[in-house]
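The values are calculated or read from the model by the stated rules, or taken from the named source; none is laboratory data. None of the values given here were measured: they were computed from a predicted structure. Because the Cβ atoms are built from the backbone with ideal geometry, glycine has one as well, and the counts that use them run over all protein chains shown. Only protein heavy atoms, including side chains, enter the accessible area calculation; ligands, DNA and RNA are left aside. Shrake-Rupley method; radii C 1.70, N 1.55, O 1.52, S 1.80 Å.
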Amino acid sequence: MNWHLENIDDVLQELKSSGKGLSAGEAIARLEAYGPNEIVSGKKRPAWMMFIAQFKDFMILVLIAAALVSGFLGDITDTIVIIAIVVLNAAIGFVQEYRAEKAIEALKKMALTNAVVMRDNITTKVVSTSLVPGDIILLRAGNLVPADIRLSEVVDLKINESALTGESLAVDKQTGALHSARLTLGDYYNIAFKGTSVTNGHGMGIVVATGMKTEFGKIAGLLQEPGVQTPLQKRLAVFARHLAYIIFVICAIVFVAGYLRGQNPVVMLLTTLSLAVAAIPEALPAVVTIALAIGAKKMVKKHALVRKLPAVETLGSVSYICTDKTGTLTLNEMRVEKFAGKGFVGNDFEEKFSANDDYKILMQAIALNNNVHHDEDDNRMGDSTEKALNEFAVSHQFKRNEIEKDFPRVAELPFDSKRKCMTTIHRHNGRYMVIVKGATDVLIKKVEADTDIASWEDTVNNMLNEGLRVIGFATRELDSLPGKLVPSAIEKNLQFIGVAGIIDPPREEAKQAVLQCKTAGIKPVMITGDHPITAGTIAKRLGIIESKEDKIITGLELNEITADELNEMVYHIKVYARVSPEQKLRIVKALQGKGEYVAMTGDGVNDAPALKHADIGVAMGINGTDVSKEAADMILLDDNFATIVKAIKEGRRIYDNIRKFIRYVLTGNTAEILTILIAPFFGLPVPLLPIHILWINLVTDGLPGLALATEQAEKNIMHRPPRKPGENIFSNGLGIHVLWVGSLLAALTISTQAYAVFIKDAHWQTMVFTVLCVGQLFYSLAARSENTTIWKLGLFSNRTLIITFLCNFILQMAIIYLPPLNRLFKT
């Protein structure tokens, strides 16, 4: 039902209510019919089912199989290590999923409040969950709106709807029916929405929607949609499946080849099972977890708090950043950027203005017509527009408390949404100065007939085209005050003295951050609840819009286009203005449908569905709502767009390091597999015992691999494009590299075996074991970069790896030369 298009009488009739409110009996009946006014969460799984679900991943199942094989082989240590890794991984996944479900609970908590309601023509206070359609609600400054309400009475009523619409300024409310069906939520001036807050004035209205039927409830419904897998989770799942198939085929070949050569079937079974365990990089989940944890710790120092560990790596895959404007790209603080008076226009104080009487009159008016006050901590308190004007006046040495010594205030006509004006009256030299502040289109209609309206309109239009919110100032003088202060009598025959253009300016560091994004192949897009002109102005200043091909589209226009049309246009749209929560989600899905990895930033309840569905949701830590924080993967502690860019760099570093580990481990595993697979074809005995394979797998593979997770970011990391969406772990030559380096190491090992057997050295197996281990250790130094040599990186620039290298080498020598270890490892 389009309640905003209906007049009050029709709304009351439709809902079978009246100005006296519902009767107590009717309210109870409707509560049973409509249900409680609360957010309903989806069906919850028990905690134990959430935990069990963490073991369904293919890689985890392979690791569990490896643990069972290790136990069968008698290597309890390896079994314990693998099981510990699996349980740790499951615990982390369980915690992430459990915390994600708190988004709905936070939404319910935020929506719960008391309400003042009219029932049986008596005003009473009830819990908001008991409200029903048809109830008459009273609203006052400081109230949280308890349901969707069609307003019937307003007195200077202003409501902050930023959590729902993204609009940074409080909205002036009215009661009249609207006449256009093509409106966004931010334009519903006669509706008060559930979950928004009353900042000024008071009003009354009829409840038209409760619970999940409210705009707030619709967002909760969107939040219950399942999220998406991270790029790393997708890639590792594919990697695990492929690796398992390859291992199975190779093990079968090794067993059959050994059996045909007359080897003991039991020995060959143990060898192939050991080989299967060796080929599985069971340290991979641990390395991934450690790399992500280290990255998360670093990111906290850079003001980015990671709620879900996989999000750290996801940042490295991001190809699109859909960012909110207010507070993220801008300061979330209104400032006067431009002002104009009779014969002058300026962006800041200029010396020539000081001698201009008209400049002085305008600045005095800006200072005097203002109700900003200071709290105990000397913070400015008041409306954001008034705070901006007050700060501007003070910065130009026009302080209200000093000027009021000569111009004491004697009366005030408060701002009214119908008049769109605020008037103060000051006594000066026995006369009275009237100062009127308000919307320029309204003030111009109240000036004297001989005013050059055209020139003022040109000035105002120029400012509006620059995305500024323009506030006009006008004055008149009175010999005496009338007995009754009536706006129509006071606010007429005015002298228009000037205008001030206000804007929430972009952050200084945001422009550089946008440039860094583009250098790194990441496309920034602005999605905001603000007006398109204001949004476009900020986007152009920051470099988000650079050419005529870069488009701005509004929520209304977005409603008019089909999914196919949006898919065609989506790469050219750089600013989405006045959009709804459903539309934000639609934009994110459209980009993901094109194969893009999307980061979404937001601070309001309206952002929560898109935050959850994006590949990575980024909430604001300072101005963000609890709902947006719970739905997000990461929280910006400084609400700064530049912090996202720093986090993306960290994400790329982590993915690089995970690839380095995989490259290192698979190269070693390939060498082991080829050594065992090929040696019998040259008439050589099985080169390694099961315990040798497990030692290489646990120590030689694992410890240096973990050290690679600490590698620093490479210099060109933010000068290359994001990874392609379809790219797998083996892309960019990793698979070929693993094969040829693994083959080289295997050839060196088999050659050593062949030589030792030829000269009949009794210690040939120890030599094979040592060459393979030490060869892998030296390769770990080369695995630190895919493109840069160890000499350019600096041999000692990763001290953790050097320490690990030395420890492994000492351990290897120990199992060769210490008698107790000789017997254990058969060396």
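Cα convex hull, region 399-489: 126 Å³ per residue, rounded to a whole number.
Translational diffusion of region 503-564 was estimated from the Stokes-Einstein equation, with Rh taken as the Kirkwood radius over Cα pairs; at 37 °C and 0.692 mPa s the coefficient is 255 µm²/s.
Qualifying trypsin sites (Lys or Arg not before Pro) in region 547-643, where qualification requires a DSSP coil assignment and no more than 16 other C-beta atoms within 10 Å, comprise LYS548, LYS594. Given an 8 Å cut-off on Cα distances and at least 6 residues of separation, report the relative contact order of region 307-393 as a percent. Reported relative contact order: 25 percent. Working note: Cα gyration tensor of region 111-220, eigenvalues times five, square-rooted, sorted largest first, giving semi-axes of 20, 15, 14 Å. Ranking of TYR189, TYR259, TYR664 by solvent-accessible surface, largest first: TYR259, TYR189, TYR664 (1.4 Å probe, protein heavy atoms only, all chains present).
A 1.4 Å probe, protein heavy atoms only, puts the accessible area of LYS492 near 90 Å².
A probe of 1.4 angstrom, applied to the heavy atoms of all protein chains, finds THR123 with accessible area near 80 square angstrom. Are there chymotrypsin sites (Phe, Trp or Tyr not before Pro) in region 729-827 that DSSP marks as loop and that have at most 15 other Cβ atoms within 10 Å, and which are they? Those satisfying the criteria are PHE796.
Given the rule -39500 (n - 2.57) for each run of at least 4 DSSP H residues, summed and divided by the residues of the chain, what is its mean residue ellipticity at 222 nm, to the nearest 500 deg cm²/dmol? Roughly -14500 deg cm²/dmol at 222 nm, from the helical runs in the chain. Summarise the accessible area of the chain (1.4 Å probe, protein heavy atoms) by the percent that is carbon and sulfur. About 58 percent, which is the carbon plus sulfur part of the accessible surface.
Pairwise Cα separations in region 412-566 fall into 10 Å bins from 0 onward with the following percentages, short to long: 9, 28, 24, 18, 13, 6, 1, 0.
Between ALA33 and LYS125, the distance separating the two model label sites (each 7 Å from Cα on the Cα→Cβ line) works out to 3.0 nm. Of the beta bridges in the chain, as assigned by DSSP with both residues counted there, near 75 percent are antiparallel.
If r is the Cβ-Cβ distance from LEU478 to ALA177 and R0 is 35 Å, what FRET efficiency results, to the nearest 0.05? The calculated FRET efficiency here is 0.35. A Förster distance of 35 Å, applied to the separation of the beta-carbon atoms of ILE810 and LYS760, puts the FRET efficiency at 0.70. In this rough spin-label picture, where each label sits 7 Å from Cα along the Cβ direction, the MET49-ASN822 distance is 6.1 nm.
Compared with the direct C-alpha span, the chain from VAL238 to LYS399 gains 51.3 nm at full extension, assuming 0.36 nm per residue.
The solvent-accessible area of ILE294, taken with every protein chain present and a 1.4 Å probe, is close to 50 Å².
Does anyone have the angle between helix 284-301 and the longest principal axis of the chain? Alpha-carbon axes, 0 to 90°, nearest 10? Taking the Cα atoms of the chain, the angle to 284-301 is about 30 degrees. Largest first, the residues PHE193, PHE398, PHE248 sort by 1.4 Å accessible area into PHE248, PHE398, PHE193. Ordered by solvent-accessible area of protein heavy atoms (1.4 Å probe), largest first, the residues ASP375, ASP441, ASP564 come out as ASP564, ASP441, ASP375. Please compute, over every Cα-Cα pair in the chain, the percentage with a separation greater than 41 angstrom. Result for the distance tail: 50 percent. Once backbone amide H atoms are built at 1.01 Å from N, LEU131 has ASN37 as its partners under 5 Å, excluding neighbours fewer than 5 places away on the same chain.
Extents of region 537-596, largest first, come to 29, 24, 16 Å (Cα atoms, principal axes, whole angstrom). With contacts taken as Cα pairs under 8 Å at a separation of at least 6 residues, region 454-573 carries a relative contact order of 24 percent.
Our compactness index for region 699-794, the C-alpha radius of gyration over the empirical 2.2 N^0.38 Å, is 1.39.
For the chain, the relative contact order is 14 percent, taking Cα pairs closer than 8 Å that sit 6 or more residues apart in sequence and dividing their mean separation by the residue count. Diffusion of region 625-773 by Stokes-Einstein, at 10 °C in a medium of 1.306 mPa s and with Rh set to the Kirkwood radius over alpha-carbon pairs, works out to 86 µm²/s.
A simple spin-label model places the labels of ALA252 and GLU376 7.8 nm from each other, with each point 7 Å out along Cα-to-Cβ. At a probe radius of 1.4 angstrom, the accessible area of the chain per residue rounds to 44 square angstrom.
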